[in-house]
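Down below is the structure, laid out as structure tokens.
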Amino acid sequence: MAVIDQYFKHLVASGASDLHLSEGQPPKMRTHGAITPISEGVLEHETLNHMLKEICDDAAYERFLETGDLDFAYEMDAKSRFRCNYFKQNNGLGAVFRLIPTEIKTIQDLNVPETIERFGDMRSGLVLVTGPTGSGKSTTLAALIDYINRTYARHIITVEEPIEFVHNNKKSTISQREVPIHCPSFADGLRASLREDADIVLVGEMRDLETISLALTAAETGLLVFGTLHTNNARKTVDRLVDVFPSDQQSQVRTMLAGSLRGVVAQLLLKRDDQPGRVAVNEILVSTPAVSSVIREGSTQKLYDIITGGKEHGMQFMDDAIWEKMLAGRVSALEAYMKAIDKSRFKAALPPEYADLGNSGGGVTED
């Protein structure tokens, strides 16, 4: 047993999601959004260096010591798998470990809108699952891939950094590739998938122009492409995809995106008020002729009206989803206010002690 496994076992037993180890600091864990120390003693360099090196490939650890960053996955046992990120910081070494559930939940288990499942029925196009780090994007995407795997006989290729949820072949054949072990980059993995008789490609992160350009091309040529971005709503997602390109290419990109985008699922996690834990809320954009038209025109500010008026297509605006959770008593008014886009809508629901919150600049935010 590796020395670090004692912390992992404590993490699992406590129902926590993340382990934080930092030289000169006590070990800490995140439980339901809050970070607390596990013990009082601080981690010395020799101890932490030994723990990090023990569960990592020698060549990869040498690369980490040279570059200062490393991502990989570690499996403690059949039920406990972790996404590992090593980094250097001002006091020395640091690492964060995210517990990856080995059991892949269904869309129904996650209690997210079943409209999301319909994206798995599509044969081509681009579907984006977006949200900040730690918002459950990977969990929702895993549920969607598992739905396809159980329902259709297709070849699914995933390009991830690192591989998180491990999928076993069911009706589909799944090939999971890890950056940089199995392919040098997301763009290289996506480019290769065009020659590997893929029906569906999942791109773990669309972080640069080359990857986004290849994803649009793949979607246009008949693949169903799933990708992620760190954006909080549908409008920002469309704008981000277009803004990555030089200005002289943006008109062409808008045309490509208008033709290939099938939907956007933005996700946030809110702290629950009715019980310990967090609950997912989603904004959902489903492509329609009206959506394609505003993307082509570059009038993304009109997406708000399309989403709020598109309930029959399964669309949902983020603030409406948050409002619903607040009225049901699942999240507090303060949590709803802090996560909402239009703060003014939620201000009246705040308890009296928070009445002055946001007076210096309330209204609509894009955070």
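The values are calculated or read from the model by the stated rules, or taken from the named source; none is laboratory data. Small disclaimer: the values here were computed from a predicted structure and weren't measured. So basically every Cβ, Gly included, is an ideal-geometry build from the backbone, and we count neighbours across all protein chains shown. Each accessible area value is taken on the protein alone, full model and side chains, heavy atoms only, with ligands, DNA and RNA left out. Shrake-Rupley method; radii C 1.70, N 1.55, O 1.52, S 1.80 Å.
Label-point separation (nm) for Glu205 and Gln252, each offset 7 Å from Cα along Cα-to-Cβ?
2.8
Report the trypsin sites (Lys or Arg not before Pro) located in the stretch 172-275 that are in a DSSP loop and have at most 14 other Cβ atoms inside 10 Å of their Cβ, or state none.
Those satisfying the criteria are Arg195.
With a 1.4 Å probe and every protein chain kept in, tell me what percent of the accessible surface of the stretch 95-154 is carbon plus sulfur. Provide the component values of the computation, followed by the final result.
Numbers: 1050 of 2240 Å².
Within the stretch 95-154, the accessible surface is 47 percent carbon and sulfur.
What are the equivalent ellipsoid semi-axes of the stretch 106-262, built from the alpha-carbon gyration tensor (square roots of five times its eigenvalues), in whole angstrom, biggest first? Mind dumping the intermediate values first?
On the way: eigenvalues 105, 64, 46 Å².
For the stretch 106-262, the ellipsoid semi-axes come out as 23, 18, 15 Å.
Place a label point 7 angstrom from the Cα of Glu324 along the Cα-to-Cβ direction, then list the residues of the stretch 117-132 whose backbone nitrogen is under 14 Å away.
117
Please figure out what share of the DSSP beta bridges in the chain is antiparallel and state it in percent, rounded to the nearest 5.
Working: 40 of 66 bridges.
For the chain, the DSSP antiparallel bridge percentage is about 60.
Hey, any idea what % of the stretch 200-330's accessible area is carbon plus sulfur with a 1.4 Å probe? Mind dumping the intermediate values first?
Working: 2420 of 5310 Å².
So the carbon and sulfur contribution to the accessible surface is 46 percent.
Just grab the label-to-label distance for Ser185 and His10, each label 7 Å out from Cα along the Cβ direction, in nm (one decimal).
Each label point lies 7 Å from its Cα, and together they span 4.1 nm.
Can you give the charge dipole size of the stretch 9-105 about its Cα centre, rounded to the nearest 20 debye, using +1 on the beta carbon of Lys and Arg and -1 on the beta carbon of Asp and Glu? Before the final figure, lay out each step's value.
Working: 11 positive and 15 negative charges, 107 e Å.
That gives the stretch 9-105 a dipole magnitude of about 520 debye.
Using all alpha carbons of the stretch 1-129, what is the percent of pairwise distances in each 10 Å bin, ordered from the shortest bin to the longest?
11, 36, 28, 16, 8, 0
Would you please classify the overall shape of the stretch 216-256 from the alpha carbon gyration tensor, given that a ≥ b ≥ c denote the square roots of the eigenvalues, rounded means a/c under 1.5, and beyond that prolate means a/b larger than b/c while oblate covers the rest? Working shown, then result.
Values: a/c = 2.34, a/b = 1.06, b/c = 2.22.
Judged from the Cα gyration tensor, the stretch 216-256 comes out oblate (a/c at least 1.5, b/c at or above a/b).
Among Val96, Val12, Val264, which one moves the most in a GNM of the chain with springs linking Cα atoms closer than 10 Å?
Answer for the Gaussian network model of the chain: Val12.
Quick one: Karplus J couplings for the stretch 320-325, per residue in order, coefficients 6.51, -1.76, 1.60, θ = phi - 60°, nearest Hz, x for Gly and Pro?
Here the 3J(HN,Hα) series is 5, 5, 5, 4, 4, 5 Hz.
Of Ile341, Gln316, Val179, which is farthest on the positive side of the dipole of the chain, counting Cα position, with +1 on Lys and Arg Cβ, -1 on Asp and Glu Cβ, and the Cα centre as origin?
Gln316
For the chain, which span is the longest to avoid every loop-located (per DSSP) member of GluC sites (Glu not before Pro) having at most 14 other Cβ atoms inside 10 Å? List each step's numbers first, then the result.
Details: sites that count: Glu40, Glu44, Glu103, Glu114, Glu196, Glu366.
Counting only loop sites that pass the neighbour cut-off, the longest clear stretch is 197-365.
Taking the chain as a Gaussian network, Cα atoms linked when under 10 Å apart, which of Leu43, Leu223, Leu270 shows the biggest mean-square fluctuation?
Result: Leu43 has the largest fluctuation of those listed.
Can you work out D for the chain in µm² s⁻¹ from Stokes-Einstein, where Rh is the Kirkwood radius over C-alpha pairs, the temperature is 20 °C and the viscosity is 1.002 mPa s?
It diffuses with D of about 97 µm²/s by this estimate.
Could you give the length gained on full extension between Thr217 and Asp356, defined as 0.36 nm per residue of separation minus the Cα-Cα distance, in nm?
Numbers: separation 139, 0.36 × 139 = 50.04 nm, distance 4.92 nm.
The Thr217-Asp356 span can extend by a further 45.1 nm.
Which value, to two decimals, describes the C-alpha radius of gyration of the stretch 221-367 once divided by 2.2 N^0.38 Å? Provide the component values of the computation, followed by the final result.
Working: Rg = 17.0 Å, N = 147, 2.2 N^0.38 = 14.7 Å.
Normalised by 2.2 N^0.38 Å, the Cα Rg of the stretch 221-367 equals 1.16.
When the chain is treated as a GNM, springs tying every alpha-carbon pair under 10 Å, which of Asp146, Asp71, Asp243 comes out with the largest mean-square fluctuation?
Sorting by GNM fluctuation, first place goes to Asp243.
Keeping all protein chains in place and using 1.4 angstrom, which order do Met1, Met338, Met29 fall into by accessible surface area, from largest down?
Descending order: Met1, Met338, Met29.
With the other protein chains left in place, how much accessible area per residue, in square angstrom, belongs to the chain at a 1.4 angstrom probe? Don't skip to the end; give the middle numbers.
Values: 16670 Å² over 367 residues.
Here the per-residue accessible area is 45 Å².
How long are the semi-axes of the ellipsoid equivalent to the stretch 153-213, from square roots of 5 times the Cα gyration tensor eigenvalues, in whole Å, largest first?
Values: eigenvalues 72, 35, 17 Å².
The three semi-axes for the stretch 153-213 are 19, 13, 9 Å.
If you place +1 on the Cβ of every Lys and Arg, -1 on the Cβ of every Asp and Glu, and leave all else neutral, what size is the dipole of the chain about its Cα centre, to the nearest 20 Debye? Display every interim value, and only then the final one.
Values: 39 positive and 51 negative charges, 201 e Å.
It comes to approximately 960 debye.
If you place +1 on the Cβ of every Lys and Arg, -1 on the Cβ of every Asp and Glu, and leave all else neutral, what size is the dipole of the stretch 222-304 about its Cα centre, to the nearest 20 Debye?
So the dipole magnitude of the stretch 222-304 works out to roughly 100 debye.
With all protein chains present, how much of the accessible area of the stretch 1-68 (probe radius 1.4 Å) comes from carbon and sulfur, to the nearest whole percent?
Working: 1840 of 3610 Å².
Roughly 51 percent, rounded to a whole number.
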